[in-house]
Structures are given as C-alpha cells and as structure tokens.
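Working notes, beginning with the structure itself.
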Amino acid sequence: MRRITRDFITLFNVLWYRDFPLTKQHKETGSRAEWTTHIGICARSAADLMGYFTYFEHGNRTDAVIKDNREEVVANLEWEWKEPRYVDKVNEIQQLHKVKDKCKFSVFVSYSDNRHYEENIDCVFNQWGIASEPLVLIIIRFNRAGGRRLFDLMETHHIQNGSCRKVRSQPALPWETKGKRWESK
C-alpha cells in the first residue's frame, strides 16, 4: 500500500471523531444529510492536512475529487447511504471504477447492517475486481433499532489486485472509544 493511501486512511479515521455531528447526551442518531456533510468534512480535512485541494461534485459528478497543486487528481471519492448490496441502486463503485486509472487511489464510504456485513464487503470487492489501482473502502457498521441505524464500528479495507484486507477498525461513535477525551463515562 502506498504511503499516500496510508496517510489518507489514518487521517480520515482520526478526523472521523473531530466535529462529530452527534453527542451521547443530546443527539445519538443523525440524518442522512448530516452524515453526508460529515464525510465531506473528514475528506476535505484529510486532504488539507496532506497539502491537497478538495473539489465537491466535480467533473463527472464524483462526490469529491482530491487534487494536487498541479491540478492532477490524487483521489476520487464517493459515498452512499444505501448498503452496497443494493447493486441496482448503488452505482458508486462502477463510477469510481471507470476513472480508477486517472488517480492514485479511490475511496468509497458506505454503511452496512451487521447482519449483511460479509455480503456488503463481497459486493464491493466483486465490483472492484482485480484492478491494480487501490480502492479504500470505509464502511460504517450498524445495528437496527426500529427504523434507526445504531452505529457500531467503522472499518477501513484496502482492495487491490484481487485482494481485500481490513487495515483498520474503530468504534463508529466517539463516546465508545476507550481512554479518549470523547469517551462517555
């Protein structure tokens, strides 16, 4: 895995807790729009710390594109509220796949009901195929309570050359982190 990809993964995962849109005391579930905004902020902040620029809804309507100061594409990013297993409704992987050779890496952020976790991972992996270009898959796992999603874990996977490996796992909610300032006591 290239240094630039590792740096993005580390920064995005750390920034996930920063400016988190929810708190255990006041609001434990968020809207789809809040999560879309939060993902965009994390991506932009990670790119900024790496010295790059972020453009939203850029070019071929990619959710975000990270570019260097020569306007060369570093990464294309897509995110989707629906689970990847709904292939007929989720086309973000195909969008990223079409432009994979025009960037250093691609990023897909999505969600998975814990009951369908393996199916969702397999769905993304099968769509990315044996591409030599890396895909960073960030998946927020959840359990259902009524109609609400109760976030559980955030996992990051690296998919490349027909291989998928989990590179990071952390609580999806900051107040579930042990020993951190956000931990709820």
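Taken together, the values in this text are just the output of simple stated rules run on the coordinates, not laboratory data. None of these values were measured; they are calculated from a predicted model. So basically every Cβ, Gly included, is an ideal-geometry build from the backbone, and we count neighbours across all protein chains shown.
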Sparse-neighbourhood loop sites, trypsin sites (Lys or Arg not before Pro) in the range 90-165 - DSSP loop, at most 10 other Cβ within 10 angstrom: none
GluC sites (Glu not before Pro) lying in DSSP loop within the range 39-102, provided at most 16 other Cβ fall within 10 Å: E71, E72
When E83, E118 are ranked with the fewest other C-beta atoms within 10 Å first, the list becomes E118, E83
In a shell of Cβ-Cβ distance under 10 Å around E72, excluding E72 itself, what net charge do Lys and Arg (+1) and Asp and Glu (-1) give? +2
What FRET efficiency would be calculated for the residue pair E118, D19, taking the C-beta separation as r and a Förster radius of 25 Å, to the nearest 0.05? 0.20
State, as an integer percentage, the relative contact order of the chain based on alpha-carbon contacts under 8 Å between residues 6 or more apart. 14
Can you give the extra length, in nm with one decimal, that the chain gains between F53 and E176 once fully stretched, where that is 0.36 nm per residue apart less the Cα-Cα distance? 41.1 nm
Distance between modelled label sites at V87 and R70, nm, 7 Å Cα→Cβ extension: 3.8
Once the chain is represented by equal point scatterers at the alpha-carbon sites, with solvent omitted, what log10 I(q)/I(0) does the Debye formula produce at q = 0.10, 0.11, 0.15, 0.16 Å⁻¹? -0.37, -0.45, -0.86, -0.99
What is the helix-to-structure angle for 32-49, meaning the angle in degrees between its Cα long axis and the longest Cα principal axis of the chain, kept from 0 to 90 and rounded to the nearest 10? 60
Taking 7 Å along the Cα-to-C-beta vector as the label spot, tell me the R32-R3 distance in nanometres, rounded to one decimal. 4.1
